[in-house]
Amino acid sequence: MSTGNYAPLGDDRHPVNVWYDEGTQSIHLTCSDPRLTDEHGQKPGFRTVFTANPRSADYSPANFNRLARYLRQQGKPAPDEVALHPRHLAQRGEVIEALATDG
């Protein structure tokens, strides 16, 4: 990757963080960097959520697994990896049905 094509995110005071929320069964990726604001220049930082629940708008099994592996490598609480299924909305009903019969 050329150094001219990307901008580092976060810094020592505002790192990018990842953690698992066992209560919601979701993995959060956040950064409180004040340079990241909403359209009004307020609400610094960002939060992105990944879940293995196909009923959720945050359904992303591949990224969920990727971050779960990372958390385990760092010795942090992490969920088990999940089976990969398409995340396209047009196929979501089929995925939900398949997971219901597998489970």
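The values are calculated or read from the model by the stated rules, or taken from the named source; none is laboratory data. Computed from a prediction, not measured in an experiment: that's the story for all the values here. Ideal geometry is used to build each Cβ from the backbone, glycine not excepted, and the neighbour counts take in all protein chains shown. Only protein heavy atoms, including side chains, enter the accessible area calculation; ligands, DNA and RNA are left aside. Shrake-Rupley method; radii C 1.70, N 1.55, O 1.52, S 1.80 Å.
Within the option set ALA68, ALA100, being part of a helix (DSSP H, G or I), of a type in the set (Gly, Ala, Ser) and within 18 Å of the chain's Cα centre (by Cα) holds for one residue only, ALA68. When the stretch 41-59 is filtered for residues that are part of a loop (DSSP other than H, G, I, E, B) and over 18 Å from GLY23 (Cα atoms), the ones remaining, listed by number, are GLY41, GLN42, LYS43, PRO44, GLY45. Number of residues in the stretch 71-89 that are loosely packed, with under 12 Cβ neighbours inside 10 Å, modelled with pLDDT of 85 or more and in a helix (DSSP H, G or I) equals 1. Being part of a loop (DSSP other than H, G, I, E, B), of a type in the set (Gly, Ala, Ser), modelled with pLDDT under 90 and over 10 Å from the mean Cα position of the chain (by Cα) is a property that holds for ALA7.
Taken over the stretch 1-44, residues that are hydroxyl-bearing (Ser, Thr, Tyr), open to solvent by less than 70 Å² (accessible area, probe 1.4 Å) and closer than 29 Å to GLU81 by Cβ amount to 4. Checked against the criterion of being of a type outside the set (A, V, I, L, M, F, W, C), touching a Cys at 6+ places or on another chain (Cβ under 9 Å) and open to solvent by less than 70 Å² (accessible area, probe 1.4 Å), the stretch 47-64 contains not a single residue that satisfies it. Cβ-Cβ distances below 8 Å connect the following pairs, each with a first residue in the stretch 45-73 that is touching a residue at least 24 places away in the same chain (Cβ under 8 Å) and within 27 Å of PRO34 (Cα to Cα), a second residue that is open to solvent by less than 10 Å² (accessible area, probe 1.4 Å) and acidic (Asp, Glu), and a separation of six or more residues or different chains: GLY45/ASP33.
Looking for something among the basic types (Lys, Arg) and modelled with pLDDT of 95 or more - is there at least one such residue anywhere in the stretch 56-66? Looking for residues that are among the basic types (Lys, Arg) and modelled with pLDDT of 95 or more, one finds at least one in the stretch 56-66, hence yes.
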